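A short reminder: the numbers here are calculations on the coordinates, not readings from a lab. Computed from a prediction, not measured in an experiment: that's the story for all the values here. Cβ placement follows ideal geometry from the backbone for every residue including glycine, while neighbour counts extend to all protein chains displayed.
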Amino acid sequence: MLRLTARPHIRLYNGYGNNDHCVIFGHLLSFGPIPRKHFRKNFFTNTFALLRLFMVRPMKNETVVMEWEGKSYSTVTAADGFFRFKWKLSKPLKSGWHPVMASWKNRKGDLISGKAEVSIPHNNQYCFISDIDDTFLISHSSRLRKRLFVLLTENARSRKPFDGVAQHYALLAQAAAPDGKPNPFYYVSSSEWNLLDYIREFCATNNLPKGVFLLNQIKTFKKIFKTGQNNHDGKFMRISRIL
């Protein structure tokens with residue numbers, strides 16, 4: 001009913017790459033929410049659904065392993081459970097999406113895994129970097145009370161995009177796209193990783209192009225009312241890494 005799990009789990013997020021290297025990232029959590037399946041226009045349901053996204057318990061100083069083309073790569077989680085892999089390719093990958101998996105072994109030796117994909121653009125493709133809040137998702141970012149009210153009372157399927165956004169992004173996705181492969185999209189936001197499932201559900205509901213999400217540092221429940229209020233310098237850093 002609460003859709004919360006106390007089982008350790010890896011949240012692996014879609015990454016990106018080029019002819020030389022790839023990047024993938026994620027979080028290791030010992031407690032967190034299970035993605036929502038049912039959506040209703042109910043104040044209390046939507047409020048709790050939003051609040052539980054911040055009911056997370058990160059696991060720090062844990063070793064996460066990734067296998068790629070027979071090679072093993074490892075990294076250690078930060079204080080907020082975040083981890084990041086960047087590895088050099090032995091040969092260029094075909095453009096498109098490529099599966100990747102990362103895993104963590106608990107004290108009993110059980111392997112906990114997470115799956116995602118890496119996006120490789122075609123050499124001749126356009127790549128689009130887009131903000132999220134108040135770019136295609138009406139968020140009221142400059143008005144904290146209004147922003148929180150919308151977050152707490154609406155859900156990912158009832159929220160509204162700006163008029164014409166879906167059609168505009170669809171045209172960008174196909175603009176001069178080689179071999180019919182959609183142009184890559186990178187969605188960069190000051191919103192926290194807690195909101196990723198929420199944002200992805202909104203994008204799917206409104207037929208926005210599949211893409212790589214680059215969000216802000218995950219927050220625990222006690223910091224929920226500071227959501228989206230972080231310094232924007234981190235956003236520019238994430239954009240520069242893509243470029």
Relative contact order computed over region 120-184 (Cα-Cα under 8 Å; 6+ residues apart), in percent: 44 percent
What distance in nm lies between label points placed 7 Å from Cα along the C-beta direction at residue 138 and residue 86? 3.9 nm
Which whole-angstrom value gives the distance between the alpha carbon centres of region 116-132 and region 137-207? 16 Å
Expressed as a whole-number percentage, the relative contact order of the chain with C-alpha contacts under 8 angstrom and at least six residues apart is 20 percent
Let's test this: bin the Cα-Cα distances of region 47-130 at 10 Å from zero up to the farthest pair and state each bin's percent. 13, 35, 31, 18, 3
Hydrodynamic radius by Kirkwood for the chain, inverse mean 1/r across distinct Cα pairs, in Å, is 19.0 Å
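Past 19 Å, Cα to Cα, is the threshold; run 94/181; 146/223; 115/235; 91/115 against it and keep the listed order.
In this structure, 115/235; 91/115 exceed 19 Å between Cα atoms.
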I need the calculated FRET efficiency for the pair residue 168 and residue 110, taking r as the beta carbon distance and R₀ as 35 Å, to the nearest 0.05. 0.15
What full-extension length gain, to one decimal in nm, is calculated for residue 197 and residue 61 as 0.36 nm per residue of separation minus the Cα-Cα distance? 46.5 nm
Please list the non-local residues whose amide H lies under 5 Å from the amide H of residue 129, H modeled 1.01 Å from N, same-chain partners needing a gap of 5 or more. 186
Spelling out what I want: for every residue of region 199-215, take phi, set θ = phi - 60°, compute 6.51 cos²θ - 1.76 cosθ + 1.60 (Karplus), and round to whole Hz; glycine and proline get x. 5, 5, 5, 4, 4, 5, 4, 9, 6, 7, x, 4, x, 9, 9, 10, 10
Suppose R0 equals 25 Å; then what is the FRET efficiency for residue 149 and residue 79 from their Cβ-Cβ distance, rounded to the nearest 0.05? 0.20
Lys and Arg at +1, Asp and Glu at -1: neighbours of residue 23 with Cβ under 12 Å from its Cβ sum to +4
